[in-house]
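Report on one structure; see the data block that follows.
The values are calculated or read from the model by the stated rules, or taken from the named source; none is laboratory data. Everything numeric in this text was worked out from a predicted model, so none of it was measured. Cβ sites come from the backbone with ideal geometry, for glycine too, and all protein chains shown count toward neighbours. We work out accessible area using only protein heavy atoms, side chains counted, and drop any ligands, DNA or RNA first. Shrake-Rupley method; radii C 1.70, N 1.55, O 1.52, S 1.80 Å.
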Amino acid sequence: MKENILSLVEGRRGHFQLESGHHGDLWLELEALCTHARAIQPFASQLAAKLWPHRVEVVCGPLVEGAFIALLVSLELGCAFVYAERFGNTTREGLYPVEYRLPKALRETVAGKRVAIVNDVISAGSAVRGTFADLQAIGVNVVAIGALLALGDSISNFAAKHDVALELLQQMPHNLWVPSECPLCGGGQPLEVMSAY
């Protein structure tokens, strides 16, 4: 088994606007992560083992790549799996303009259950935050957030603020700026608009 999840993905440096609206200098090509299903499975098993003490009854993953990891984790835990769909909100400005919602047909599955939100890689946490907001809005008890990798400490702060357990396999430093404070913008480096994490 490979020791580092980053060995399974391509990354590049530059100036990127992330889904959250933040700017960063690292982009990981996560679309191909699950093409390495056999290599990913041991990581999903490790994450499931970290989530086991939280007595998770349903694992929820934000589409797209996070849901694939969440499905693998749910298989390891022997529990139900649901997903949250991504919706762009053209009326919302600023940070976190994207919403995530469970399809109506899946809402009954999570009712009254202990739910863990599982993602692949979390940076600013747009997908996890959106999924959490929808689950909270329908009265679901989110007991844990899990991921293979966290970039920076945004998700740690979010989990602490909401008193939710956070289970990560790996965490690494990451540069993340609000646009008005981005040094890459100040230096005139061209911005590439991305659409995930």
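Looking only at the stretch 95-113, count how many residues are charged (D, E, K, R) and under 18 Å from the mean Cα position of the chain (by Cα). Even if it seems obvious, please write down each step before you answer.
Of the stretch 95-113, the ones charged (D, E, K, R) are 99, 101, 104, 107-108, 113.
The next check asks that each one be under 18 Å from the mean Cα position of the chain (by Cα); those that pass are 99, 101.
Summing the residues that are charged (D, E, K, R) and under 18 Å from the mean Cα position of the chain (by Cα) in the stretch 95-113 gives 2.
Among the residues of the stretch 109-132, write down those that are part of a loop (DSSP other than H, G, I, E, B) and under 19 Å from Gly152 (Cβ atoms).
Of everything in the stretch 109-132, those that are part of a loop (DSSP other than H, G, I, E, B) and under 19 Å from Gly152 (Cβ atoms) turn out to be Ser123, Ala124, Gly125.
Quick one: in the stretch 131-156, of everything that is open to solvent by less than 10 Å² (accessible area, probe 1.4 Å), touching a residue at least 40 places away in the same chain (Cβ under 8 Å) and not polar (S, T, N, Q), which residue is nearest to Tyr100 (Cα to Cα)?
Leu135
If you take the residues of the stretch 87-101 that are touching a helix residue (DSSP H, G or I) at 6+ places or on another chain (Cβ under 6 Å) and either in a loop (DSSP other than H, G, I, E, B) or farther than 19 Å from Gln17 by Cβ (or both), which of them is least open to solvent (accessible area, probe 1.4 Å)?
Only one residue tops the list, namely Tyr96.
In this structure, is Leu28 of a type outside the set (D, E, K, R), modelled with pLDDT under 90 and in a strand (DSSP E or B)? Reasoning before the result, please.
Numbers: of a type outside the set (D, E, K, R): yes; modelled with pLDDT under 90: yes; in a strand (DSSP E or B): yes.
So Leu28 passes the test.
Please specify each residue of the stretch 83-108 satisfying the condition of being of a type in the set (D, E, K, R) and under 25 Å from Asn157 (Cβ atoms). So that I can check it myself, show each step before the final result.
Pass one, the stretch 83-108, residues of a type in the set (D, E, K, R): 85-86, 92-93, 99, 101, 104, 107-108.
Listed by number, the residues that qualify are Arg86, Arg92, Glu93, Glu99, Arg101.
Of the conditions (1) touching a residue at least 24 places away in the same chain (Cβ under 8 Å); (2) closer than 25 Å to Glu192 by Cβ; (3) of a type in the set (S, T, N, Q), Ser7 satisfies every one except a single condition; which number is it?
Only one criterion in (1) touching a residue at least 24 places away in the same chain (Cβ under 8 Å); (2) closer than 25 Å to Glu192 by Cβ; (3) of a type in the set (S, T, N, Q) is unmet by Ser7, namely (1).
Can Leu106 be described as assigned to a helix (DSSP H, G or I) and open to solvent by less than 60 Å² (accessible area, probe 1.4 Å)?
Values: assigned to a helix (DSSP H, G or I): yes; open to solvent by less than 60 Å² (accessible area, probe 1.4 Å): yes.
Yes, satisfied.
If you take the residues in the stretch 72-94 that are more than 21 Å from Ala48 (Cβ to Cβ) and over 16 Å from the mean Cα position of the chain (by Cα), which one is modelled with the lowest pLDDT?
Initially, the stretch 72-94 is screened for residues more than 21 Å from Ala48 (Cβ to Cβ), giving 85-94.
Narrowing the set further to residues that are over 16 Å from the mean Cα position of the chain (by Cα) leaves 88-94.
Details: Gly88: 77, Asn89: 70, Thr90: 64, Thr91: 69, Arg92: 71, Glu93: 75, Gly94: 81.
Looking at the filtered set, the residue picked out is Thr90.
Could you please tell me which pairs satisfy a Cβ distance under 7 Å, a separation of 6+ or placement on different chains, a first residue in the stretch 41-63 that is in contact (Cβ under 8 Å) with a residue 60 or more places away in the chain, and a second residue that is open to solvent by less than 40 Å² (accessible area, probe 1.4 Å) and charged (D, E, K, R)?
As it stands, the answer is Leu47/Glu167; Lys50/Glu167; Leu51/Glu167, since those pairs meet every condition given.
Only one of these is in contact with a Pro (Cβ under 9 Å, 6 or more places away or on another chain), of a type outside the set (Phe, Trp, Tyr), surrounded by 17 or more Cβ atoms within 10 Å (Cβ to Cβ) and assigned to a helix (DSSP H, G or I): Ala70, Ala84. Name it.
Working: Ala84 fails: assigned to a helix (DSSP H, G or I).
Sole residue among the options that is in contact with a Pro (Cβ under 9 Å, 6 or more places away or on another chain), of a type outside the set (Phe, Trp, Tyr), surrounded by 17 or more Cβ atoms within 10 Å (Cβ to Cβ) and assigned to a helix (DSSP H, G or I): Ala70.
So Ala111 ticks every box in (1) surrounded by fewer than 24 Cβ atoms within 10 Å (Cβ to Cβ); (2) in contact with a strand residue (DSSP E or B) (Cβ under 9 Å, 6 or more places away or on another chain); (3) of a type in the set (A, V, I, L, M) but one. Which box is left unticked?
(2)
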